[in-house]
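The values are calculated or read from the model by the stated rules, or taken from the named source; none is laboratory data. Given the structure is predicted, the values throughout are model-derived calculations rather than measurements. Cβ sites come from the backbone with ideal geometry, for glycine too, and all protein chains shown count toward neighbours. Only protein heavy atoms, including side chains, enter the accessible area calculation; ligands, DNA and RNA are left aside. Shrake-Rupley method; radii C 1.70, N 1.55, O 1.52, S 1.80 Å.
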Amino acid sequence: MAPLTTAPRGTKDILPAEISRWQYLERTLLTTAELFGFKEIRLPTFEHTELFCRSVGETTDVVGKEMYTFTDKGNRSITLRPEVTAGAARAAIEHGLLGDALPVKLSYAMSCFRYEKPQSGRFREFNQFGVELYGATSPAADAEIIALAQEAYNTLGVRDIIVELNSIGCPACRETYHKALREYFESRKEQLCDTCLDRLVKNPLRILDCKNPDCGKIAETAPKMLEYLCGDCTDHFTQVKALLSQSGIAYMVNPTIVRGLDYYTRTVFEFVYTDKDGNRSVCGGGGRYGGLLKALGGQDYEGIGFAMGLERLLKVMTEQGCDFPPENTCDVYLVSMGAAAELKAFQLANVLRSDGFFAQSDLMGRSLKAQMKYANKIGAKYTIVLGDNELAENKATLKSMNSGTTSSIPLDDKFSDAIYEEIMKTAYADLAEVAEKL
RNA sequence: GUGGGUAUAGCGUAGGUGGUUAACGCGUCAGUUUGUGGCACUGAAGACCGUGGGUUCGAGUCCCACUAUCCACCCCA
């Protein structure tokens with residue numbers, strides 16, 4: 001297909017047929033966050049490149065090779081956000097949000113951009129829902145973020161998803177751990193894959209995450225971060241786990257979780273979905289970031305956050321057959337015959353709309369039968385046929401497309417009220433009918 | 001960045017060993033005698049068979065390249 005009729009690689013259109021699902025997801029997630037006190041924030045799509053280099057980290061894949069970076073006409077280096085945490089932190093600092101009552105709680109639903117090779121559940125522009133919390137060092141903050149994410153999954157009816165937890169310590173204890181890790185892998189260098197040899201120099205933590213079976217085997221017996229945590233970090237981790245247990249939130253400690261972004265300290269976690277064939281996929285993740293705000297020039301407050309990929313969430317929900325709210329369809333379709341009736345239908349449709357109904361009338365000049373067909377096709381709940389007879393008698397027949405029952409409606413200023421009344425009546429009747437069948 | 005699959009109407013597909021107007025289902029539109037939808041039936045519109053080369057008298061069908069797309073690895077959401 002010609003470039004003009006093809007969306008760029010890795011992007012996709014969200015079509016009218018699927019929009020109600022997306023609106024439902026975003027609405028539900030943001031509302032859940034609100035229950036925990038998180039307020040939505042909306043951020044620019046692009047930021048100064050430097051922001052991501054400084055926060056996410058130069059050595060990460062995200063910054064190293066996946067950013068959409070360009071120079072604008074003012075000769076600034078600009079990057080489409082590959083994630084939201086950095087931009088949110090920047091905005092919080094810039095607008096003095098951290099001067100407000102602590103903790104500061106932010107939520108968002110926005111798209112992010114990464115130059116990756118697209119595949120199942122992975123796009124170059126993808127949508128994330130997430131939350132950020134600033135100013136709290138307490139383990140309860142970590143637990144609350146995890147509880148929020150779990151609550152979101154529960155509310156949406158997602159099953160077979162569990163949070164896997166780890167602590168990667170503070171900079172102090174991580175240094176001793178890095179040393180121990182390097183020593184361990186150094187002595188087994190010959191068995192590591194090429195990328196891991198590279199990781200050994202740059203960030204030995206990532207070797208633990210390697211999918212190569214040989215590396216995985218070596219990693220199994222490698223020193224565990226959890227054994228190298230300092231006293232404070234150990235306490236913190238213990239309390240996070242205790243809080244989760246007390247709240248009945250199931251979790252698993254997974255010492256191999258290291259996360260791909262450099263700003264994390266202490267608690268890191270991933271929400272892992274296991275499908276019926278046993279395939280695991282990460283549906284969301286997050287963690288605490290101790291030094292990020294300060295590194296960006298803000299107060300020395302800690303932050304903690306979580307993000308989930310909406311495309312992946314939607315995929316999981318579809319696989320699991322989760323319920324979505326029914327689509328909003330036309331309440332009343334006004335069928336007209338003849339020029340005078342067409343005029344009247346147009347006018348009455350407007351009356352209905354200003355009274356809050358979802359109403360439509362014919363725009364195609366179709367025959368009565370064709371209009372009825374159309375009304376049926378778009379899922380109209382009721383139809384009203386207008387012709388010369390109705391105009392003469394100043395009343396028309398309201399028909400329930402569900403049950404076929406009809407009733408008379410005056411074409412005067414009681415129009416909307418009469419329709420409302422009838423709809424309530426027949427809706428109850430329809431419900432009763434359904435209930436009886438059950 | 002590495003490896004594999006696929007590209008035929010809006011969607012889903014058929015088109016053995018190359019041969020005149022590319023087929024079917026769904027969808028769309030119009031009808032089935034004039035004022036009532038869902039079913040059924042009739043008809044219509046809609047594809048230069050991803051793009052560009054090549055082989056051949058002749059290619060949707062064979063070969064090459066490119067592009068797009070899907071899947072896996074890497075990494076991540």
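Contact annotation: residue pairs with Cβ atoms under 6 Å, 6 or more positions apart or on different chains, pairing a residue in the stretch A:334-345 that is touching a residue at least 24 places away in the same chain (Cβ under 8 Å) with a partner that is among the charged types (D, E, K, R) and more than 9 Å from RNA strand B (Cβ to nearest atom), are A:Ser336/A:Glu342; A:Ser336/A:Asp362.
When the stretch A:374-410 is examined, which residues are found to be open to solvent by less than 20 Å² (accessible area, probe 1.4 Å) and touching a residue at least 24 places away in the same chain (Cβ under 8 Å)?
A:Ala375, A:Ala380, A:Tyr382, A:Thr383, A:Ile384, A:Leu386, A:Gly387, A:Leu398, A:Ser400, A:Ile409
Candidates A:Tyr24, A:Tyr68, A:Tyr115: the one that is hydroxyl-bearing (Ser, Thr, Tyr) and under 25 Å from A:Asn154 (Cβ atoms) is A:Tyr24.
Scanning the stretch A:101-149 for residues that are within 16 Å of RNA strand B (Cβ to nearest atom) and either assigned to a helix (DSSP H, G or I) or acidic (Asp, Glu) (or both) yields a total of 7. Number of residues in the stretch A:355-373 that are more than 6 Å from RNA strand B (Cβ to nearest atom) and surrounded by fewer than 17 Cβ atoms within 10 Å (Cβ to Cβ) equals 5. For the stretch A:270-315, taking the residues that are within 20 Å of A:Gln150 (Cα to Cα) and acidic (Asp, Glu), the one that is surrounded by the fewest Cβ atoms within 10 Å (Cβ to Cβ) is identified as A:Asp275.
Per this entry, A:Thr318 is counted among residues that are surrounded by fewer than 16 Cβ atoms within 10 Å (Cβ to Cβ) and not in a loop (DSSP other than H, G, I, E, B). Scan the stretch A:249-303 for residues that are within 14 Å of RNA strand B (Cβ to nearest atom), in contact with an Asp or Glu (Cβ under 6 Å, 6 or more places away or on another chain) and among the hydrophobic types (A, V, I, L, M, F, W, C) and the total you get is 4. Among the residues making up the stretch A:162-201, those that are in a helix (DSSP H, G or I), surrounded by 13 or more Cβ atoms within 10 Å (Cβ to Cβ) and among the basic types (Lys, Arg) are A:Arg174, A:Lys179, A:Arg182, A:Arg199.
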